[in-house]
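Asks: Mind having a look at this structure? Questions to follow.
Quick note: the coordinates plus some simple rules give every number you see, no bench work behind them. Just so it is clear, the structure is predicted and the values come from calculations on it, not from any experiment. All Cβ positions, even for glycine, are placed from backbone atoms using ideal geometry, and neighbour counts span all protein chains on display.
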Amino acid sequence: MGSYIVHSADNLISSRRVPAGYRAILFDANNHTGPSITKTADDAFLVDDGWNDRVSSTRIERV
């Protein structure tokens, strides 16, 4: 759980792993702002959601 700003991988993420019982909220801008998408399971191909190389910050929450 926590909030993360992705400085070293800013706009380079193409997939996301999400453990069971958690969700990942991916944000288009730093500091958890801008458009977002929520993932509740692994996604090996963010391209089909229009989120390839867009993620700048992430929040992980227990569901």
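Asks: Between beta-carbons, use under 15 Å as the cut-off and find the net charge around PHE45, counting Lys and Arg +1, Asp and Glu -1.
Replies: Spelling it out: positives minus negatives among the neighbours equals -1.
Asks: Restricting things to alpha carbons, find the Rg to Rh ratio for the chain using the Kirkwood radius for Rh.
Replies: My calculation puts Rg/Rh at 0.92.
Asks: I've got another one for you. Counting alpha carbon pairs within less than 8 Å and at least 6 residues apart, what relative contact order, in whole percent, applies to the range 2-62?
Replies: This gives 50 percent for the range 2-62.
Asks: Also, quick follow-up: Could you work out the local net charge near LEU12, counting Lys and Arg as +1, Asp and Glu as -1, over the other residues with Cβ closer than 14 Å to its Cβ?
Replies: Result for the neighbourhood of LEU12: -1.
Asks: Can you put VAL47, VAL63 in order, fewest other beta carbons within 10 Å first?
Replies: Listed from fewest to most nearby Cβ atoms, that is VAL63, VAL47.
Asks: What does the extension gain come out to for ASP53 and HIS32, with contour length at 0.36 nm per residue minus their alpha carbon separation?
Replies: Full-extension gain reported as 6.0 nm.
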